[in-house]
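Enquirer: Provided herewith is a single structure, encoded as structure tokens, for subsequent inquiry.
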Amino acid sequence: LGIEGWFALGTGDFVTAADRFSSLLENQQDSEIMVLYVRSLWGQKKYDEAIERMQRWLQEQPKDLGVAMHLAGGYLALNREDEARAAYAKVVENYPRHVPALNNLAWLTRNGDITQAVAYAKQAEQLSPNDPAVMDTLGMLLTMQGDKVRGQRLIQNAAERAPDDLDIQVHLAQVL
């Protein structure tokens with residue numbers, strides 16, 4: 001079932017993939033299979049069902065990092081920023097050193113509490129000081145907060161480290 005599900009997912013046959021992964025989940029509660037199942041639902045544009053399945057999974061297994069990050073990413077993809085922020089906050093609560101969650105939480109907090117957003121971004125920077133995504137987020141937040149010199153320097157450094165990342169390049173153009 002796993003091989004059939006993987007093959008179906010890889011070829012875009014999301015209905016078959018969902019069927020195979022659902023069957024596997026009946027007998028085996030496995031985080032990776034759950035993420036694959038959700039991806040097959042997502043491929044069918046069954047977003048609400050995918051979100052609901054991840055929420056139920058996390059009620060039973062609240063510290064499942066893979067499913068929690070997938071849920072937060074799903075909210076982001078659907079432009080449900082408040083729910084994404086809450087989901088990333090839960091990840092950070094369970095995994096306070098998880099850099100991608102800290103970085104995304106920082107960005108999603110920018111409009112509500114810029115001081116807290118910067119604090120999250122600085123935590124991410126302490127854990128991963130050479131990560132271009134972290135530099136970019138912190139740079140943009142510092143710029144928004146008024147520290148344009150340090151913000152520009154961080155974004156410039158991020159742009160040099162990730163020349164193919166269009167978001168970072170756009171942010172550099174914005175601060176320049």
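The values are calculated or read from the model by the stated rules, or taken from the named source; none is laboratory data. These figures come from a predicted structure and were not determined experimentally. Methodologically, a virtual Cβ is constructed for each residue, glycine included, from the backbone with ideal geometry; neighbour enumeration extends over all protein chains shown. Keep in mind that these areas ignore ligands, DNA and RNA; they rest on the heavy atoms of the full protein, side chains included. Shrake-Rupley method; radii C 1.70, N 1.55, O 1.52, S 1.80 Å.
Enquirer: Of all the residues that make up the stretch 1-30, how many are among the hydrophobic types (A, V, I, L, M, F, W, C), assigned to a helix (DSSP H, G or I) and open to solvent by 30 Å² or more (accessible area, probe 1.4 Å)? Steps first, please.
Expert: Initially, the stretch 1-30 is screened for residues among the hydrophobic types (A, V, I, L, M, F, W, C), giving 1, 3, 6-9, 14-15, 17-18, 21, 24-25.
Adding the requirement that they be assigned to a helix (DSSP H, G or I) leaves 3, 6-9, 14-15, 17-18, 21, 24-25.
Subset that is open to solvent by 30 Å² or more (accessible area, probe 1.4 Å): 3, 6-7, 14-15, 24.
So the answer is 6.
Enquirer: Is it true that some residue in the stretch 122-139 is in a helix (DSSP H, G or I) and under 14 Å from A89 (Cα atoms)? Walk me through how you get there before you give the answer.
Expert: Pass one, the stretch 122-139, residues in a helix (DSSP H, G or I): 122-127, 132-139.
Applying the additional criterion that residues be under 14 Å from A89 (Cα atoms) yields 123-124.
The answer is yes; a qualifying residue exists.
Enquirer: Looking at (1) more than 30 Å from E52 (Cβ to Cβ); (2) of a type in the set (S, T, Y); (3) crowded, with 18+ Cβ neighbours inside 10 Å, which is the only condition T115 fails?
Expert: (3)
Enquirer: Right, another one. Of everything in the stretch 118-132 that's in contact (Cβ under 8 Å) with a residue 24 or more places away in the chain and open to solvent by less than 60 Å² (accessible area, probe 1.4 Å), which residue is farthest from Q152 (Cα to Cα)?
Expert: L127
Enquirer: Where the second residue is open to solvent by 40 Å² or more (accessible area, probe 1.4 Å) and assigned to a helix (DSSP H, G or I) and the first is in contact (Cβ under 8 Å) with a residue 12 or more places away in the chain and of a type in the set (D, E) and lies in the stretch 133-152, which pairs have Cβ atoms under 8 Å and are six or more apart or on separate chains?
Expert: Partner pairs satisfying both residue conditions: D136/D167.
Enquirer: Quick check on Q174: is it in contact with a Leu (Cβ under 8 Å, 6 or more places away or on another chain), part of a helix (DSSP H, G or I) and not aliphatic (A, V, I, L, M)?
Expert: Values: in contact with a Leu (Cβ under 8 Å, 6 or more places away or on another chain): no; part of a helix (DSSP H, G or I): yes; not aliphatic (A, V, I, L, M): yes.
It is false that Q174 is in contact with a Leu (Cβ under 8 Å, 6 or more places away or on another chain), part of a helix (DSSP H, G or I) and not aliphatic (A, V, I, L, M).
Enquirer: For the stretch 143-158, what are the residues that are buried (at least 17 other Cβ atoms within 10 Å of the Cβ) and small (G, A, S)?
Expert: Hits for the stretch 143-158 are G151, A158.
Enquirer: While we're on this one: Name every residue in the stretch 46-95 that is assigned to a loop (DSSP other than H, G, I, E, B) and under 24 Å from I114 (Cα atoms), in order of residue number. Steps first, answer last, please.
Expert: Step one: of the stretch 46-95, the residues assigned to a loop (DSSP other than H, G, I, E, B) are 46, 61-64, 78-80, 95.
Of everything in the stretch 46-95, those that are assigned to a loop (DSSP other than H, G, I, E, B) and under 24 Å from I114 (Cα atoms) turn out to be L78, N79, R80, Y95.
Enquirer: Here is a follow-up. Among the listed residues R97, R85, identify the single one that is over 26 Å from D19 (Cβ atoms), charged (D, E, K, R), open to solvent by 50 Å² or more (accessible area, probe 1.4 Å) and touching a Ser or Thr at 6+ places or on another chain (Cβ under 7 Å).
Expert: Values: R97 fails: touching a Ser or Thr at 6+ places or on another chain (Cβ under 7 Å).
It is R85.
Enquirer: Another question, if that's okay. Tell me, please, whether a residue that is out of contact with any Lys or Arg (no Cβ under 7 Å at 6 or more places or on another chain), farther than 30 Å from D48 by Cβ and part of a helix (DSSP H, G or I) can be found in the stretch 96-104.
Expert: Here is the first cut: in the stretch 96-104, the residues out of contact with any Lys or Arg (no Cβ under 7 Å at 6 or more places or on another chain) are 96-104.
Next, only the ones that are farther than 30 Å from D48 by Cβ stay: 96-97.
Adding the requirement that they be part of a helix (DSSP H, G or I) leaves none.
No; the residues of the stretch 96-104 include none that is out of contact with any Lys or Arg (no Cβ under 7 Å at 6 or more places or on another chain), farther than 30 Å from D48 by Cβ and part of a helix (DSSP H, G or I).
Enquirer: Same structure again: Among the listed residues I168, I155, which satisfies the condition of being assigned to a helix (DSSP H, G or I), at pLDDT 95 or above and within 30 Å of L36 (Cα to Cα)? Write out each step before concluding.
Expert: Working: I155 fails: within 30 Å of L36 (Cα to Cα).
Only one candidate passes the filter, namely I168.
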